[in-house]
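Structure record follows, encoded as structure tokens.
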Amino acid sequence: MEAQDTQIRMEELKKVADLKLSLRHSNLAPERPDAAFLRTLDSSIKRNTAVIKKLKQINEEQQEGLLEELKSVNVSKFVTEAVTAICDAKLKTSDINAAVQVCSLLHQRYKDFSPNLIQGLVKIFFPGKMTAEDADADRTSRAMRKRSTLRLLVELYFCGVFEDAGIFVTIIKDLTSAEHLKDRELAQTNLSLLVSFARQARVLIGLPVGNQDVQEEIYKELSVTPEQKKQLRKLFQSFFDIAVDLLQSEHGALRLLEQENARMLNAKGELSEENAAAYEKLRKSYDHLLRNISSLAVALDTQPPVMPEDGHTTRVTSGEDAASAFVGKDPNAPEPVWDDEDTRSFYESLPDLRAFVPAVLLGEVEPKGDSSLSQKSAEQQDGRGDSDQTSVGGLLIDVPDGGPKSDGVETPSYMSDEKSSPVIRDKDDKDKGKESDKEKARERDAERKGDRDPEKEKIKGLEGASLDSLVQRLPGCVSRDLIDQLTVDFCYLNSKSNRKKLVRALFNVPRTSLELIPYYSRMIATLSTCMKDVAPMILQWLEEEFSFLMTKKDQMNIETKIRNIRFLGELAKFKVAPPGLIFSCLKCCLDDFTHHNIDVACNLLETCGRFLYRSPETSVRMGNMLEIIMRLKNVKNLDARHSTLVENAYYQCKPPERSARVLKVRPPLHQYIRKLLFTDLDKSSIERVLRQLRKLPWNESESYLLKCFMKVHKGKYSQVHLIASLTAGLSRYHDAFAVGVVDQVLEEIRVGLEMNLIGMQQRRIAYMRFLGELYSYRLIDSPVIFDTLYLIIFFGYGTPEQDTLDPPEDCFRLRMVITLLETCGQFFDRGSSKRRLDRFLLYFQRYVLSKGVIPLDVEFDLQDLFADLRPKMVRFTTFEEANQAILELEERERSMLSEKQGNGRFQPAEANPQGPNEIPVPSSGAAQDVRGVDHAMSPAENGTSLPDEGDSETETESGSMEPDGQDEEEELEEEKYAENDEDGDDEEEEEVSADAVGSEEEEHIKMKQKKVVEVDPAEAEEFERELRALMQESIDSRKLEMRARPTLNMMIPMNLFEGSKDHGRITDGESGDEVPDEQGGNSVRFRVLVKKGNKQQTKQLYIPRDSSLVQSTKQKEAAELEEKQDIKRLVLEYNEREEEDRGGAAPQPMNWSVPSAPNMGRGSGSKGGWDGAPRSGNSRQRRPVAAGYGRRR
């Protein structure tokens, strides 16, 4: 995009250069009209006078119209008047091209025009003798006129209006005269003119031109001689050397004045106004001179001058005083002024407005003439209109004409009280008032004489609306970029009245919005670099407000006082407010160190005390002030709040000395491991990190690697799953490492429950997330998750430390459960895992309701959790409802357990049957304190796994164990029960009831499925008709296909049994059954499907038993029956073995220690482990993450 923009810009410049080249050719060989043609044009005095007046206001907008008028009039008798008008025109940089076009047209028509024009333009640089008063009064306007004239002369020379390059030699010789250096302002003006000429006319000085310069063809045709180029280059170089010497001498004078001021400041505590004014004047002159000389050096392709750097130039201090300022400090380790680079950049790196905004808009170049006079009068009118209104507390109150008004500066809001005591004023107020009265009188006279321009009034109104919108954006500027952009936007609305309005808006910052003060101060500091009246105005208002508030001794407006002193402090950090002003305000507070003065002093120290203490020039004085404050605090009997304020402010400015932190020295191997895990690890680099970890010497690094893996709480929370992914990847090669990680995580979770420290909460949340991610990456199974969940909600109950381990008002265990279920709860959506989660959520709801009032953020997290996992689950509103539901659940489980024991199908566990299932319901009198219930749970039971009687089978979900899922076994059992027609219904009902232990809704749904659905006869008839049409279409489409080998034993279509009473079975035997002797003799009956017309029918066919067809059929059926019996026997043996294992030993707490390596799965289904295919049914789908190991989805 940038390349395209550059190309477009180059094409535009090329077009402009081509037009200029054609204009040059026309000017070099002008085809002037004869006298007869000129007589045909309008030569009246009135018309020519009007045209000549327009020549004084040449601009780009009027270019076309002015050229047309010049073509239609005869100016041959008014050439001198036209030349005078062009020379007197106040041209801007954008108007130079229009002036060149007008001069070229006059040059091509009138022969005597160009000599007179050149003579008039050169005369501007040699005005002749002038009085000192006239020279001082019109210095700025003459400098601007010389700049525009020099640019016009260069363009006229390039366009061929004149060809004598000696004119430039004469002008440059005058500008580089050494006599002009005696006058500093004139030297600055000449420097800026030389910089402009050197940039515009490099070819005339003999400087190299760029290869891509579009005016290269014009440069080749110039008539400048090598001697002239050499002379111009010599003049520039000699003047540059003299200016550098002047800069060095001025730098030395500035350093001497700084040292003198520093000694006076340390001796008296303040500078006199004369010394401060002299220093400020010299510093500004030095800065301006350095900037101009540097620009000239760049234009001449030479190195800018480098001044001797002592670190304190343009500061009110010196090297000697700076050394004494750090008395008592360690000279080897000086404290930096700013705490970090961002803070330093915020207060020191201000945007350069001159790089973004034209100089005219910044007030550095103000246009003069009629437009400037009307603009000035408009500004004064706005100033008078604004002074008629005074703001009090954000409201505008009209002040009568006879009321007091401020002279020169608007009245701030705090001065609106007529009964307030007078504020200290400067001695020059009277003189300022007289001058302003004179200016107002002159403006009124000008307004009476001149008519108002409606266009200017319209522009003024638009500017006012833009300023209002800009002021409205101020409260939203809460970042450096926003306030800098707003500052640049204001420069395009810059005027004296707008500056006053802006300063008033900045001054009236809301007293409750102290966070805006640093950004407002940055805006003031940025504007003060170009607009010199902004900083004095805001400082005068703030100083007067401070004096007013301190004199009034009002003990109510503490917020206003804090806003005022913080504003001054921020301006001091931007070096807008002088340090002397800050120290005087602080001294005023220390003189009466009581009540609000203590708050004001502490706020001042918190804002800029650290800056002043660390700054070399103010360190000693601020240190003395801090010692005085501490002595006052010890002497005066301050209350606890004020004492704490003073100590905080003191130690923020001057922190107590403490030993430096000793960095822990780690071996290179440990540093490399930390770099991989804490710096390099991200989603894109996880495979590389895994490869690097595998290359480590495992015997040496395993223990430290395990230690680093357990520091997941010190890394990014969003990267916890990456640590779990690395654990899964390493488990393929180091089984013990994955076991160690899981062991450590579970141990840390239990330790957190035992200690319950607030400082460990972040760590505990990270471990819960880590445990869930370990399940997602198939390193642990669901029993570990559910054991942990039950451990969280039941640990510590029934023990004397119950209220310490889990206080009634502590909801952190809720956050732990929510974190774990949010991480891996979505996987428990089918099979026995779903029933286990449903069962746990009942206990969890009872635990939540036992907490009483829950914080809103936790309640919202609970709502999101139930919405994600069980959106249709009913949430109980009272503890009694949840407890009743759990009691009903436990009752059903006991009944199911007794039934299984009676049938001999289940061996009870030897563990305590109560577990967490018996938590007594609190009495109605204790409804307000549900946590006061003594749970029927012994301390030894904390952490044990909970019985789940609703599950008759054990679920192992890890990808490394039982790759054939639970649902496959259930399907085999269903097939087994379907084969046995005699007891199939009973066992099916038993399975339904067993699956529905934790959910009444599921049982209800399964019972409903057994009901016969009544079908509308009309719908059934329509369905049969469509089915027959579909079957007929299928038959027709398959007529042309090759007939396949007929199936020996196929199913009979159901529509052949429509008239039968039993729609589900065939009552008269199956095809292939033997027929008794009385019916068919020694033969076997088969059913043959035949077609008669469009209807299918079956016929019985009797085949002898000794035929080959019957023998092969019998053998195949016997083989299939034997295979089914084998499968049935294996399934029953598996169930019996699982029940024996479950009944033979008590449930183990956190039974995760079974090796979960990918290559340890049972059966052939686990072949390949991590790289195997996903399991069907209740399997968690895999997706590759790093190196072939997967994560549940």
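The values are calculated or read from the model by the stated rules, or taken from the named source; none is laboratory data. None of the values given here were measured: they were computed from a predicted structure. Glycine gets a Cβ as well: all are built from the backbone with ideal geometry, and neighbour counts include every protein chain shown. Calculation scope for accessible area: heavy atoms of the full protein, side chains included, ligands and nucleic acids excluded. Shrake-Rupley method; radii C 1.70, N 1.55, O 1.52, S 1.80 Å.
Site pair SER513 and LYS54 shows an inter-label distance of 5.0 nm when each label is modelled 7 Å from Cα along Cα→Cβ.
Between the C-alpha center of the stretch 621-659 and that of the stretch 717-752 there is a gap of 50 Å. For the stretch 145-224, carbon and sulfur atoms together expose 43% of the accessible surface, with a 1.4 angstrom probe and every protein chain in place. Site pair ASN624 and HIS595 shows an inter-label distance of 3.0 nm when each label is modelled 7 Å from Cα along Cα→Cβ. Computed from the C-beta positions of SER223 and ASP489 and an R0 of 45 Å, the FRET efficiency is 0.45 to the nearest 0.05.
With every protein chain kept in place and ligands, DNA and RNA left out, what is the accessible area per residue of the stretch 815-868? Probe 1.4 Å, answer in Å². Kindly include the intermediate steps, with their values, before the conclusion.
Values: 1880 Å² over 54 residues.
Per residue, the stretch 815-868 has 35 Å² of solvent-accessible surface.
Between ARG47 and GLU185, what FRET efficiency follows from the Cβ-Cβ distance if R0 is 41 Å, with the result rounded to 0.05?
Working: r = 43 Å, r/R0 = 1.06.
The calculated FRET efficiency here is 0.40.
Surface composition of the stretch 1-114: carbon plus sulfur atoms hold 53% of the accessible area, using a 1.4 angstrom probe and ignoring ligands, DNA and RNA.
Take the cross-link list LYS46/LYS92; LYS14/LYS71; LYS500/LYS573; LYS284/LYS501 and give me the ones stretching past 25 Å between alpha-carbons. Walk me through the numbers before you get to the answer.
Values: LYS46/LYS92 28 Å; LYS14/LYS71 28 Å; LYS500/LYS573 23 Å; LYS284/LYS501 27 Å.
LYS46/LYS92; LYS14/LYS71; LYS284/LYS501, as the Cα separations exceed 25 Å there.
Round to a whole number: what % of the accessible area of the stretch 579-626 belongs to carbon and sulfur, probe 1.4 Å?
Working: 710 of 1320 Å².
For the stretch 579-626, the apolar C and S fraction of the accessible surface comes to 54 percent.
Under 5 Å from the amide H of VAL1084 lie the amide H atoms of ILE1103, ARG1105, each residue being 5 or more positions distant or on a separate chain, with H modelled from the backbone and absent for Pro and chain starts.
Taking R0 as 60 Å, what's the FRET efficiency between ASP481 and ASP803 from their Cβ-Cβ distance, rounded to 0.05?
Details: r = 52 Å, r/R0 = 0.87.
Once the sixth-power term is evaluated, E becomes 0.70.
Using a probe of 1.4 Å on the protein chains alone, the accessible area found for TYR847 is around 10 Å².
Length available on full extension from LEU1101 to GLU81: 0.36 nm per residue minus the Cα-Cα distance, which gives 353.9 nm. Taking every protein chain into account, the accessible area of the stretch 568-619 amounts to 26 square angstrom per residue (probe 1.4 Å). Per residue, the accessible area of the stretch 5-57 comes to 72 Å² when a 1.4 Å probe rolls over the protein heavy atoms. Annotation: average projected area of the stretch 801-892 is 6.6 square nanometres, based on the convex hull of Cα atoms across all directions.
Between THR343 and THR40, the modelled label-to-label distance comes to 8.2 nm, taking each label 7 Å out from Cα in the direction of the beta carbon.
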